[in-house]
Amino acid sequence: MTAATAGLDLYMLPAANGDCLWLEYGAGPDRKRILVDCGTESSWPALRARILRQPEDQRHFDLLVITHIDGDHIGGALPLLKHRHVLGLSFGEIWFNDLDAIVATGLGVGEGIVLSKILGGDPALRRAWNRSTSPKAVGIPELKPGAALPGFDFGELRVTLLSPTRRQLRRLKDKWSKVVAELDAKRKRQPGFAIPAEKWLGGGAGSAACAARDTSVSNGSSIAFVATYRGTSILFGADAFATTLRKSLTHLPLAHPLSCFKLSHHGSKANLTAPLLAAASSRHYLFSSDGSEHGHPHAETLALVTAGDTPKTLHFNYRAQHVLDWLAAHPAGPGRNYAFAFVDAADYRVSL
């Protein structure tokens, strides 16, 4: 981190196989906070503990981003919002694409899920929900040559959207409506029926775990963006598709190269390509996963990121055994110039 960005701090909280990223910037009473995803429901205690360490007058988030409906990103958001009054939390804006927002974008009809009900049932949360794009979904248009990406300012920090596209939101709408119809039918036949998580999460033969490239509908609908503060730019990849990120980055002129890239889909080999890595070349690469699902990050991703003579640092929020084994078997050297670090368990801060 340079002196110019001394007010910028990034924390990669333990989120099991998911994401929970806490960004702070600015100084003194003007310090601002952005929370990107909340991990699984099991990772809620770590997020809660960090919130409780904040003074009561510093529990405001200028932006909360729930990138998509996968349980390893949205699970911890449910207790976060349910306990917001007890914890003294407030939110300037909340980004989350449910069916109502997608419908307002002109993509069809449907109904929301539990999070939608929480957001819509509280006047303060409802006002914050997708405020910058309301009533439309948070996303980008289909990009044509020379088109600009949507951008939004949160104090000195600029957020530029990279994903999802309208086409990806349309795919989500189609699947969401189908799942809701199936759920309603089964509830009529089986009182108390609960929808299997994999129906929402895009599991099965078409999932990223089984495919050469990610085809998951929920992953494709991810809200991904670049956050820029005083010349430092961080790419929050969520679980977005590599092709979408790469194409969007060609429409994003940056005064300086990316400083940090939070790898899409926890370092899945299905979400990283050589063209994306070239477009998103960074000094720091973040991997958020304990490896408990699908063995993320994959060895192929680690090999691709570490290749080359340009120095870079890989950051992990877990000491997963398969990662330790890979690092030991592939030490830095000619043609593989890298260092690695594990976030401090005391505060989960990433040293940029």
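Relative contact order of segment 202-352: what whole-number percent is it, with Cα pairs under 8 angstrom and at least 6 residues apart?
Reported relative contact order: 17 percent.
Starting from a Cα-only point model with no solvent, please compute log10 I(q)/I(0) by Debye for segment 201-352 at q = 0.11, 0.12, 0.15 1/Å. Results for segment 201-352 at q = 0.11, 0.12, 0.15 Å⁻¹ read -0.40, -0.48, -0.77. When the listed pairs 144/262; 117/175; 32/144 are checked against a 31 Å cut-off, the alpha-carbon distance exceeds it for 32/144. In the complete set of protein chains, residue-level accessible area for residue 174 is approximately 80 Å², probe 1.4 angstrom. P(r) for segment 300-352, from all Cα pairs and a bin width of 10 Å, is 23, 53, 23, 1 %, short bins first.
If the chain linking residue 59 and residue 251 were pulled fully straight, counting 0.36 nm for each residue of separation and taking away their Cα-Cα distance, it would gain 65.6 nm. At a probe radius of 1.4 angstrom, the accessible area of segment 13-97 per residue rounds to 33 square angstrom.
The values are calculated or read from the model by the stated rules, or taken from the named source; none is laboratory data. Because the structure is predicted, anything quoted here is derived from the model rather than measured. Remember, those area values only see protein heavy atoms, side chains included, never the ligands or the DNA or RNA. Shrake-Rupley method; radii C 1.70, N 1.55, O 1.52, S 1.80 Å.
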